[in-house]
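Undergrad: One structure, as structure tokens, below. Some questions next.
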Amino acid sequence: MAAKTVAKGLGAVALIVTLAIAIAYWVAYLNLDRFAWARAVLWMDADVSDYTRFPARQIAAGSEAYAYAKGQGYPDGLSASVRLPGGAALDDFLEAHHTTAFLVIKDDKLLYERYFNGSSHDAVQTSFSVAKSFNSAMIGAALEDGSLVGTDDPITKYLPELAARDDRFTRITIRHLATMSSGIHYEEHGLPWSDDALTYYSPDLRRLALDTTWIEEPPGQRFHYNNYNPLLLGIILERATGMHIADYLSAKIWKPLGAEADASWSLDSTANGFEKMESGINARAIDFAKLGSLYLHRGVFNGHRILPEAWVDMSTTPVLPTGIGTASYAWWWWTGHDPELGAFYSARGNKGQFVFVFPAKNLVIVRNGNAYGDADWRALMIAVAMAS
């Protein structure tokens, strides 16, 4: 009898828990376009298909696309020369480690272009934080066209409501945003209310960045990866240029690069949608490569001077150690050094989205994927660069 009573009690508890979970999910569903926590509960961790969930704004390509010439052995001439741990073949390794696209471009010629796990040349790849390196490029463009006066301008010059809320915001500059040293509080962990979740899922990103941020320490003291920084920069660019971010990117970067296809930038859910500045550029892998080529050539590509040479040099020069291995951080670019390859830098995004630039090798490498997999991607990029 006692065993039956215990079993009944456990069954009742299980039913109550199941009902509570069902109600929580139903409440989250009803609030999907109102609260970040609702999206975090239902959608959980970020996924490469998230661009299909968010509204988006077009990043229009121009009328003429730049086409890379084909190098010797294209499309997979590197396969035999890259030496990987355990003797794995490059193609097999990439396929097994959740890669969707892998491109190697040397001397502006495609040496290797392969797609895996159901992907293709025309497939949409999402950027995650590779978008931040496009943000860096837009700062350079805005300085060149006079929309921004200087990187040491206080952000409150463009966002006076922050100063009204806390005078300490006047000490933060555009430089501090772009080098991830603003001193603004940021908590990476703790779904569904962490700052990571809020800055990714919030239906109103402008309000989130302007009304809920608070200062933890003086700016410029240390590197702290913080997605409020690109959100604030996006609002600054909107106000300084009078344009939507996607339209400005199209005019200043995407069209001059000779992008092959229109891209899109995922938005929040406000009526005047705001680009998800910390992520959300959705494009073909070949067009992500052109950002790398633009920087490799120090601001010149497709017959155009697109960015100032001085900006490219400064924005890819290490500023702060990150505390992550030997990596340092520049202006929304990660930097590194290899004894044989010298200095290099990369745009990096969640799930293993990469654009690596190796100036000494005149080389750009792009990797997109559904997940990181069990791989040391920095080491693989160096191995590919050494073989190229």
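Undergrad: For region 130-151, give me each residue that is assigned to a loop (DSSP other than H, G, I, E, B) and in contact with a strand residue (DSSP E or B) (Cβ under 9 Å, 6 or more places away or on another chain).
TA: Of everything in region 130-151, those that are assigned to a loop (DSSP other than H, G, I, E, B) and in contact with a strand residue (DSSP E or B) (Cβ under 9 Å, 6 or more places away or on another chain) turn out to be 150, 151.
Undergrad: Then there is this: Exactly one condition in (1) in a loop (DSSP other than H, G, I, E, B); (2) under 26 Å from residue 372 (Cα atoms) is not met by residue 269; state its number.
TA: (2)
Undergrad: Further, regarding this structure: Among the listed residues 224, 176, 189, identify the single one that is farther than 16 Å from residue 245 by Cβ, in a helix (DSSP H, G or I) and under 21 Å from the mean Cα position of the chain (by Cα). Outline the logic, then answer.
TA: On the way: 224 fails: in a helix (DSSP H, G or I); 189 fails: in a helix (DSSP H, G or I).
Of 224, 176, 189, the one residue that is farther than 16 Å from residue 245 by Cβ, in a helix (DSSP H, G or I) and under 21 Å from the mean Cα position of the chain (by Cα) is 176.
Undergrad: Mind listing whichever residues of region 330-388 are among the small types (Gly, Ala, Ser), in contact with a Ser or Thr (Cβ under 9 Å, 6 or more places away or on another chain) and at pLDDT 95 or above?
TA: 330, 336, 343, 346, 347, 349, 352, 369
Undergrad: Kindly list, by first and then second residue, each pair from a residue in region 59-75 that is more than 24 Å from residue 106 (Cβ to Cβ) to a residue that is of a type in the set (S, T, N, Q) and modelled with pLDDT of 95 or more, limited to pairs with Cβ atoms under 7 Å and residues at least 6 apart or on different chains.
TA: Final answer for the pair search is 59/250; 59/264; 60/250.
Undergrad: Sticking with this one: Got at least one residue in region 52-65 being surrounded by fewer than 16 Cβ atoms within 10 Å (Cβ to Cβ), among the basic types (Lys, Arg), part of a loop (DSSP other than H, G, I, E, B) and under 23 Å from the mean Cα position of the chain (by Cα)?
TA: Yes.
Undergrad: Please state which of the following conditions residue 175 fails to meet, knowing it meets all the rest: (1) among the charged types (D, E, K, R); (2) without any contact (Cβ under 8 Å) to a residue 24 or more places away in the chain; (3) under 17 Å from residue 153 (Cβ atoms).
TA: Result: residue 175 passes all but (2).
Undergrad: Pull out all pairs, ordered by first then second residue, where Cβ-Cβ is under 9 Å, the residues are six or more apart or on different chains, the first lies in region 83-98 and is assigned by TED's automatic domain parsing to the domain that holds residue 377 and among the aromatic types (Phe, Trp, Tyr), and the second is assigned to a helix (DSSP H, G or I) and crowded, with 17+ Cβ neighbours inside 10 Å.
TA: Close Cβ pairs satisfying both conditions: 93/380.
Undergrad: Also: Go through region 120-136 and give me each residue that's crowded, with 20+ Cβ neighbours inside 10 Å and either under 30 Å from residue 74 (Cα atoms) or of a type in the set (Ser, Thr, Tyr) (or both).
TA: Taking region 120-136 and keeping what is crowded, with 20+ Cβ neighbours inside 10 Å, we get 125-136.
The answer is 125, 126, 127, 128, 129, 130, 131, 133, 134, 136.
The values are calculated or read from the model by the stated rules, or taken from the named source; none is laboratory data. All of these numbers come straight from a predicted model, not from anything done at the bench. Using ideal geometry, Cβ is built from the backbone for each residue, glycine included, and neighbour counts are taken over all protein chains shown.
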